[in-house]
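Single-structure report; data block below.
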Amino acid sequence: MTAILNDLAPGQFRVPLYHTDKLDFGDMDLLVDADLMTQPFLDEFGRRAGALERRALGNAQSFHVPTPHGGLQVDLFPTSAALLDTRQSFMDWGDLGNILGRLVRPYGLMWSEEGAWFVYRRENDDHYVHRIHVPGGTELLLDVIGLDDTALRQGFQNEAQMFRWIITARDFRTPPFLDQDGAVQRRAKSRPGMARFQAFLHTEIQAGRLAETSKMERQPLERLLTVLGSAAARKLETAVNEQRQLEDRARRLRLRFSGTLLHDLRPELDTLELQTLVRGLSTDTERQAWMLTQTPEDVHAWLKHLPVPEISAESRESYDRKQKAHAEREARKAKRKAGA
């Protein structure tokens, strides 16, 4: 397959590395520059590969290629040219990328096919998430969790060798992989490699070669900054400081104005009027800037007398229809529950 792509897409594809003892070897993943994956390109690839069938598999194109041992599923994944190396790094060696991604989470990092990201979360706002790109590939993750990269550079002869290497990480912890609930358990049901890693951990623990550990708590940003190069550290620190300033602004604004606060200050307004008022204030940056120059008490006094923007008849009718439909759904639910 690589010979075909060397001819059709020289330098514009990547082949993720895999273990020579890959037990679930029935497919071959190939990353191809998305700009190349036109209909003529796919037709020619299928013709040269001798594929008997082609079908869409998510955003990938899957080819069934006959072999002396039955057949091979070849999946071409369209990938932007800028992400070919990053995506390969994530997909190399089976579930290694997913395992490392779990281990770096205490540092606020997320590792995906798009690279490494620092995830900024606000202290009192579970819904706010902002991603900050962190330059670096798998080697960065190994530096963060204290795992020597020699074995990675040499490659792994088998999956067990990779598993034994992973647990030597300074920051290796068992809970992300052995907890009975959560994303890892769900992933293990569809990813045999992750299930085998869990089985490996259980075997090592039972044999006394590995001890179960407690969960690693969220680490301060400073620990991550010491691992990054100076330029990357300064860039990340600047981006985090900008987010902290935005968070402080949001906190100060919330003391002066919020939907809940407006609901308490204006009990005479119905839901549509409140929504209209909140929507207008939430997008009015000039008024928000003014609010921040006033005391919370002065802003509250002003809000009590702020006129509600005019609501069109069409908006009122649409709102009433939605409310009626909601009430009817709730009534049907209550009736079914009572009947049960």
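Things worth noting here:
- Of the residues Gly94, Gly115, the single one that is farther than 25 Å from Val240 by Cα and surrounded by 15 or more Cβ atoms within 10 Å (Cβ to Cβ) is Gly94.
- Cβ separations smaller than 9 Å between residues 6+ apart or across chains give the following pairs from segment 198-218 residues that are over 22 Å from Gly146 (Cα atoms) to residues that are of a type outside the set (Phe, Trp, Tyr) and part of a helix (DSSP H, G or I): His202/Leu178.
- When Asn59 is tested against the conditions (1) assigned by TED's automatic domain parsing to the domain that holds Arg196; (2) surrounded by fewer than 19 Cβ atoms within 10 Å (Cβ to Cβ), the lone failure is (1).
- Residue within segment 61-76 that is under 30 Å from the mean Cα position of the chain (by Cα), within 30 Å of Leu140 (Cα to Cα) and at pLDDT 90 or above present: yes
- Total residues in segment 177-198, condition modelled with pLDDT of 90 or more and exposed (fewer than 11 other Cβ atoms within 10 Å of the Cβ): 0
- Arg48 touching a Ser or Thr at 6+ places or on another chain (Cβ under 8 Å) and touching a residue at least 12 places away in the same chain (Cβ under 8 Å): no
- Test: residue in segment 235-244 that is of a type in the set (S, T, N, Q), surrounded by fewer than 15 Cβ atoms within 10 Å (Cβ to Cβ), farther than 21 Å from Met91 by Cβ and within 24 Å of the chain's Cα centre (by Cα): yes
- Where strands (runs of 3 or more DSSP E) fall wholly inside segment 27-95, the ranges with 2 or more residues that are in contact with a Lys or Arg (Cβ under 8 Å, 6 or more places away or on another chain) are 27-33, 60-65, 72-79.
- Failed item in (1) crowded, with 16+ Cβ neighbours inside 10 Å; (2) under 29 Å from Gly137 (Cα atoms); (3) touching a helix residue (DSSP H, G or I) at 6+ places or on another chain (Cβ under 7 Å); (4) in contact (Cβ under 8 Å) with a residue 40 or more places away in the chain, with Thr86 passing the rest: (3)
Conditions tested, residue by residue: (1) in contact (Cβ under 8 Å) with a residue 12 or more places away in the chain; (2) in the same structural domain as Gly136 (by TED's automatic domain parsing); (3) closer than 30 Å to Asp148 by Cα; (4) aliphatic (A, V, I, L, M).
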position: Val240; (1), (2), (3), (4): yes, no, yes, yes
position: Arg244; (1), (2), (3), (4): no, no, no, no
position: Gly280; (1), (2), (3), (4): yes, no, no, no
position: Trp290; (1), (2), (3), (4): no, no, no, no
position: His305; (1), (2), (3), (4): no, no, no, no
position: Tyr319; (1), (2), (3), (4): yes, no, no, no
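- Any hit, segment 260-268, residues being surrounded by 13 or more Cβ atoms within 10 Å (Cβ to Cβ), of a type outside the set (A, V, I, L, M) and in contact (Cβ under 8 Å) with a residue 12 or more places away in the chain: yes
- Reported count of residues in segment 92-147, each being hydroxyl-bearing (Ser, Thr, Tyr) and at positive phi, is 0.
The values are calculated or read from the model by the stated rules, or taken from the named source; none is laboratory data. Owing to the predicted nature of the structure, the values given are computational and were not obtained by experimental measurement. All Cβ positions, even for glycine, are placed from backbone atoms using ideal geometry, and neighbour counts span all protein chains on display.
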